[in-house]
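S.K.: What follows is a single structure, and I will ask about it in a moment.
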Amino acid sequence: MRYHKVPDETIRRLPKYLRCLLWLESQGERNVSSVGLAKLVGVNPWQIRKDFSYFGGFGKRGVGYAIETLATEMKKILRLNVVNKAALVGMGNLGRAVLAFSGLEKYGFEIVAAFENDPKKVGERTCGVVVEDVSKIRTLKDRGVYVGIIAVPRGVVQEVADDLLGAGVNGIVKFSPGYITVPKKVKVITIDIAMDFARLPYYMPRNLP
């Protein structure tokens, strides 16, 4: 089901709510109030209630939210209730770290393919995935893979994006620096660790040595 007129900021918060719900569930909790969830996420209770109102609301007065039910609904809204197969391009240090990260499985993502242009890395098996030559990206169209993860140098990021789009990918997570051009229907999420570090000193006290 698609939900219309939902602000992007609300969608950005939903995974945070889900993560806290899954943690509470692992602790044996069955219910949580908007106040309790707000403390874990770091937002105001009214913000949580407003975000949930876009999807009909899920709580009961005096009881709060049933954690298991709410987590299930969050997964459905975010389309994480099915396995999303992903392909990784770039097997440098960052690419290997992404492939080794087990936290994606909890949210329904499975990296099923990895590609490289370095002949020395092609054929290696890493975390159960055999590294393939980038020329085989086009085969993703027949493998049911619609999510691409880019971890390549800036100079080839657009080329890699074009190859993924040509293979039927319609969602991209980009760790590589540099802007890419894609059709409007394709969603690109950029994760730039260096830029987040670069913002931090601005907010720190000025009296540090």
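S.K.: Which members of the stretch 20-79 meet the condition of being part of a loop (DSSP other than H, G, I, E, B) and hydroxyl-bearing (Ser, Thr, Tyr)?
M.R.: SER33, TYR54, listed by residue number.
S.K.: For the stretch 178-200, give me each residue that is in a loop (DSSP other than H, G, I, E, B) and modelled with pLDDT of 90 or more.
M.R.: Once the filter is applied, which keeps residues that are in a loop (DSSP other than H, G, I, E, B) and modelled with pLDDT of 90 or more, the stretch 178-200 yields TYR179, ILE180, THR181, VAL182, PRO183, LYS184, LYS185, VAL186, ILE191, ASP192.
S.K.: What residue, among those in the stretch 159-177 that are part of a loop (DSSP other than H, G, I, E, B) and of a type in the set (A, V, I, L, M), is farthest from VAL147 (Cα to Cα)?
M.R.: Among them, the one singled out is ALA167.
S.K.: Mind listing just one residue for me: the one in the stretch 10-35 that is within 21 Å of the chain's Cα centre (by Cα) and of a type in the set (Lys, Arg) and, of those, modelled with the lowest pLDDT?
M.R.: Of everything passing the filter in the stretch 10-35, ARG12 is modelled with the lowest pLDDT.
S.K.: Going through the stretch 147-156 one residue at a time, which ones are more than 26 Å from VAL83 (Cβ to Cβ) and either surrounded by 22 or more Cβ atoms within 10 Å (Cβ to Cβ) or among the basic types (Lys, Arg) (or both)?
M.R.: The one that is more than 26 Å from VAL83 (Cβ to Cβ) and either surrounded by 22 or more Cβ atoms within 10 Å (Cβ to Cβ) or among the basic types (Lys, Arg) (or both): ARG154.
S.K.: Here are GLY171, GLY166: which of them is in the same structural domain as ALA97 (by TED's automatic domain parsing), over 17 Å from the mean Cα position of the chain (by Cα) and either under 16 Å from ALA86 (Cα atoms) or in contact (Cβ under 8 Å) with a residue 24 or more places away in the chain (or both)?
M.R.: From the options GLY171, GLY166, the qualifying one is GLY166.
S.K.: Just the residues that are crowded, with 18+ Cβ neighbours inside 10 Å and not in a helix (DSSP H, G or I), please, taken from the stretch 85-108.
M.R.: If the condition is that a residue be crowded, with 18+ Cβ neighbours inside 10 Å and not in a helix (DSSP H, G or I), then ALA86, ALA87, LEU88, VAL89, GLY90, MET91 are the ones that fit.
Residue by residue, here is whether (1) touching a Lys or Arg at 6+ places or on another chain (Cβ under 8 Å); (2) closer than 19 Å to ALA113 by Cα holds:
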| residue | (1), (2) |
| --- | --- |
| VAL130 | no, yes |
| ASP133 | no, yes |
| VAL152 | no, yes |
| GLU159 | no, yes |
| ASN170 | yes, yes |
| VAL173 | no, yes |
| TYR179 | no, no |
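S.K.: For the stretch 109-128, which positions are crowded, with 16+ Cβ neighbours inside 10 Å and not in a strand (DSSP E or B)?
M.R.: LYS121, VAL122
S.K.: Say we look at the stretch 37-61 and pick out the residues that are in contact with a strand residue (DSSP E or B) (Cβ under 9 Å, 6 or more places away or on another chain) and at pLDDT below 90; which of these is surrounded by the most Cβ atoms within 10 Å (Cβ to Cβ)?
M.R.: So the residue we want is GLY59.
S.K.: Something else about it: Going residue by residue through the stretch 138-146, is there one that turns out to be surrounded by 14 or more Cβ atoms within 10 Å (Cβ to Cβ) and in a strand (DSSP E or B)?
M.R.: Within the stretch 138-146 (the criterion being surrounded by 14 or more Cβ atoms within 10 Å (Cβ to Cβ) and in a strand (DSSP E or B)), the answer is no, since none of the residues qualifies.
The values are calculated or read from the model by the stated rules, or taken from the named source; none is laboratory data. All values derive from a computational prediction rather than experimental measurement. Note that we place each Cβ from the backbone using ideal geometry, even for glycine, and neighbour counts take in every protein chain shown.
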